[in-house]
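One structure is given here, and the rest of the page talks about it.
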Amino acid sequence: MCTVCGCSESETQLSPDNSHSDSHTHDDSHHHYGHGASHSHAPGFTQSRMVQIEQDILGKNNEYARANRQLFSNKGILALNLVSSPGSGKTSLLTRTLQTLKNELPITVIEGDQQTNQDAERIRATGVSAIQINTGKGCHLNAQQVGHAIEHLAPADASMLFIENVGNLVCPAAFDLGEAHKVAILSITEGEDKPIKYPDMFYAADLLILNKVDLLPYLDFDIDQCINYARQVNPRIQIIQLSAKNGDGMNAWYQWLRLTHQTKLIGFQATSS
């Protein structure tokens, strides 16, 4: 159970991409995680006990995250954790990004959703390998799930790994997956006050993408106020405005990816020489 948010992770399943390589075919193609049924704050649980359980869960997650981060470092993999609420356009942004960069950089994807393989199938349609993690009642990915998915996905050295988290602006903020950066995607259809309503997520992110800016003429959305709120929560956050639908601003995103990957590659080459 996840006492941090109250969700159940008992139904989590990992569905490898078997369409690209026979080496990814396993009899145990659905793997179960978790610690039992979904819970509430049961009678008899003191506040101090709940805090201790939460600390234990996050501590265990951080151990797996450190292992993931070490693997990424050893292999020179740039891992990015894409986080947002449902409907922000994460998958549309990702598929357009893959179509542009897949011949320039080696890329793999981990998809997180409560149910269905639809997003992973959209990714695979671009020609990029992807693994779907279905979390069941769980509302976020954790580092153990990501580590297990990496074993099946086997990303190449000096590659880029996108982790598309479950749509949720709360719980994914607390769970380190071993990524280099959290990238928060906020659609302008959601309202400019989201950064101050969900400050932990925007504080944890290194980059904020304001998506669907093509709709600005049709919405009452104060983009300057949204940026002010984001920087009020996190003064160091970088911000890119774009439309994954018509391509406006996408070059700034691609440039950020290229520079971030190049920085990772330089560090990898320095330690490998």
Per the filter on region 234-258, residues among the hydrophobic types (A, V, I, L, M, F, W, C), closer than 21 Å to GLY191 by Cβ and crowded, with 21+ Cβ neighbours inside 10 Å are LEU242, ALA244
Here the residues within region 86-113 that are within 14 Å of the chain's Cα centre (by Cα) and over 21 Å from GLY249 (Cα atoms) are PRO86, THR108, VAL109, ILE110, GLU111, GLY112, ASP113
Would you mind finding the one in GLN132, GLN144 that is part of a strand (DSSP E or B), over 26 Å from ARG258 (Cβ atoms) and more than 12 Å from the chain's Cα centre (by Cα)? GLN132
With the checklist (1) part of a loop (DSSP other than H, G, I, E, B); (2) free of Cβ contacts under 8 Å to residues at least 12 places away in the same chain in hand, flag the one item GLU151 doesn't pass. (1)
Pairs where the first residue, in region 258-272, is within 15 Å of LEU161 (Cβ to Cβ) and the second is modelled with pLDDT of 90 or more and in a helix (DSSP H, G or I), C-beta under 8 Å, 6+ apart: PHE268/SER73; PHE268/LYS75
Given the options LEU58, LEU80, LEU98, name the one that is surrounded by 13 or more Cβ atoms within 10 Å (Cβ to Cβ) and at pLDDT below 95. LEU58
Report, by residue number, each residue of region 207-232 that is within 19 Å of LYS182 (Cα to Cα) and either hydroxyl-bearing (Ser, Thr, Tyr) or surrounded by 18 or more Cβ atoms within 10 Å (Cβ to Cβ) (or both). LEU207, LEU208, ILE209, LEU210, ASN211, CYS226, TYR229, ALA230
When residues of region 229-256 are filtered for being part of a helix (DSSP H, G or I), among the aliphatic types (A, V, I, L, M) and touching a strand residue (DSSP E or B) at 6+ places or on another chain (Cβ under 6 Å), how many remain? 2
Filter region 219-262 for residues that are under 18 Å from PHE202 (Cβ atoms) and among the aliphatic types (A, V, I, L, M); which is farthest from the chain's Cα centre (by Cα)? ILE223
Total residues in region 103-121, condition crowded, with 17+ Cβ neighbours inside 10 Å and in a helix (DSSP H, G or I): 2
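The values are calculated or read from the model by the stated rules, or taken from the named source; none is laboratory data. What you are looking at is a predicted structure, and each value in this text was computed from that prediction instead of being measured. Glycine also receives a Cβ, built like all others from the backbone with ideal geometry; neighbour counts cover every protein chain displayed.
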